[in-house]
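Rule-based calculations on the coordinates, nothing more; no lab input. Fair warning: this is a prediction, and the values are worked out from it, not measured in the lab. Note that each Cβ is placed from the backbone with ideal geometry, even for glycine, and that neighbours are counted across all protein chains shown.
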Amino acid sequence: MASHKLVTLAESKLKELGLLAEERPLPGLLAACSGGADSLALTEICCLLKEKWHFRLGVAHYEHGIRGEASLEDAAFVAAYAKGRALPCFIEHGDAPTYAKEQGLSLETAARELRYAFLRQICLEEDYQYILVAHHADDQAETLLMRLLRGTGPWGLAGMRLQNGNILRPLLTVPKEQLIAFCAERGLSPRIDATNFLPQGTRNKLRREILPLLTENYNPKLTEALNRLAEAMEQTRDYLDKTSKQIWPKYTRRDRHGRLELSTQITEEHPVMQHLLLRMLFHESAVNENLHWEHYQEILDLLQRAVKEGATVGQLSLPLNRRAELAYGWLSIVGTEDKPEAFCLKLGVPGICRHLEGGWTIRAKVIDSREKPAGDEPHKFYCAYASSMEQGLTVRSRLPGDTLKRKIGTKKLKDCLIDAKVPRGERDAIPLVVWEEKILWAAGYLRSGQLPPEGASKLLLLEMEMDSRADNAKKRLT
């Protein structure tokens, strides 16, 4: 029977992911069910597998508030189905049209965001480990064609994955017609969403107009062909992912504030690997988001120009409120709102001050001049101790117009930091130790050229410690 084949297929996919194994605890699975043929078939298959494997299974339905009474009837249908099979059922009523308007999104995108947010929340609250969705072979074909029309790279052509985080698609290779036949065989009467038949939205137009046209006139097995392409590109993506992870440590580091940076030396790699390393950087720096292919190319153009022309700094505005910053051979992705907050702390002598957000601690104490070791260390500062220091020092962030005394004359602090090759994104986070309104030390980077007279028997010692995020930061005192 067809039903047996689909159940066996779904079982094999879940086993492939390591979810169904007798020697391991079985996870809790949450089936997203709209009431349509696809998701109803998926939920029914999960029910049949549950009888064999005895895992926890729940049903979740998000009512988007788009189709009025029909949407409410869909929710009631799913609730009745779940009750008939003694399954926990979670239903949420939303307002996708209002959300779309407020966020400036298409209705389709707004509905998807709300739906997945609801599903993830149920997983957290009810302790389900995975979300199962009913994307199938026809959905995969539509996705590839849509990405081709919009413009995409190799990773876009890999289409949807069997697993994306805790989201699973065990029916991704199954044609829709088989899911409809399965429902009929099981005596199920799926709900029909009339909005799927409207000539509105990119996916609906592809489904109702473009795919049938291409299938009829150019390739009667177009859906199969697009799915084969997705499978081939998925295998390519897996291979390149493994390769990129092997060389990732060679080109990355974290700065003193824990921010991930990528070396401009990636330009020596093959262009495909350059793109992939950039994708990894953006993914790690932007909360699981990704850019379009052309944006990665713009960043690569920035890096290649910098290497060719010897440029030391540069930046590029990106979508998702992000910015690419290039500084002295290292690229980072920062949020446009990531500028550190100003700070001003008192430091007693002796005393300690800590800045949790900056990840540093500065200690001040007085030592005998004979205790000072030869040579300088970037994270230690010495100068003759003056009695007026008993009133304490100030540790603050930089201010407009700050200057630093040099051995000859005075120079703007900004210019001093540029000369010291301090990345733009780090300058506002540097703790400045100030005494009598003069900057003594830009901690870890620069010291004043005019200090209390030497020859004193007592010295002021300042020591800065960074937290573990800065273990690999290598700074030079100028």
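Rounded to the nearest 20, the size of the Cβ-charge dipole of segment 47-100 about its Cα centre is 460 debye, with Lys and Arg at +1 and Asp and Glu at -1.
Expressed as a fraction of 2.2 N^0.38 Å, the C-alpha radius of gyration for segment 2-230 is 1.01. Segment Glu463..Ala21, full-extension length gain: 153.7 nm, with 0.36 nm per residue of separation and the alpha-carbon distance subtracted. Globularity index of segment 140-259 is 1.41 (Cα radius of gyration / 2.2 N^0.38 Å, N = number of residues). Using only side-chain charges placed at the Cβ, +1 for Lys and Arg and -1 for Asp and Glu, the dipole size of the chain relative to its Cα centre rounds to 1620 debye.
Taking the Cα centre of segment 255-335 as reference, the dipole from Cβ charges on Lys and Arg (+1) and Asp and Glu (-1) amounts to some 160 debye. Beta-bridge orientation, the chain: approximately 80 percent antiparallel, per DSSP, counting only bridges with both partners inside. Please give the calculated 222 nm ellipticity per residue for the chain, where each DSSP H segment of at least 4 residues contributes -39500 (n - 2.57) and the sum is spread over every residue; nearest 500 deg cm²/dmol? Estimated from H runs of four or more residues: -12500 deg cm²/dmol. Taking the charge dipole of segment 344-470 about its Cα centre, with +1 at Lys and Arg Cβ atoms and -1 at Asp and Glu Cβ atoms, the residue from Leu459, Ser369, Gly449 reaching farthest to the positive side is Gly449.
Sparse packing (at most 10 other Cβ atoms within 10 Å of the Cβ) combined with a DSSP loop state is found for the following trypsin sites (Lys or Arg not before Pro) in segment 347-445: Lys407. The residues Asp419, Asp402, when put in order of fewest to most other Cβ atoms within 10 Å, stand as Asp419, Asp402.
When each full DSSP H helix of the chain is screened for a Cα extent of at least 18 Å along its own axis and an average Kyte-Doolittle hydropathy of at least 0.0, the helices passing are 37-53, 69-84, 271-285. Given a cut-off of 23 Å, name the pairs among Lys414/Lys438; Lys411/Lys458; Lys346/Lys380; Lys242/Lys308; Lys380/Lys405 whose C-alpha atoms lie farther apart than that in the structure shown. Checking Cα-Cα distances, Lys411/Lys458; Lys242/Lys308 exceed 23 Å.
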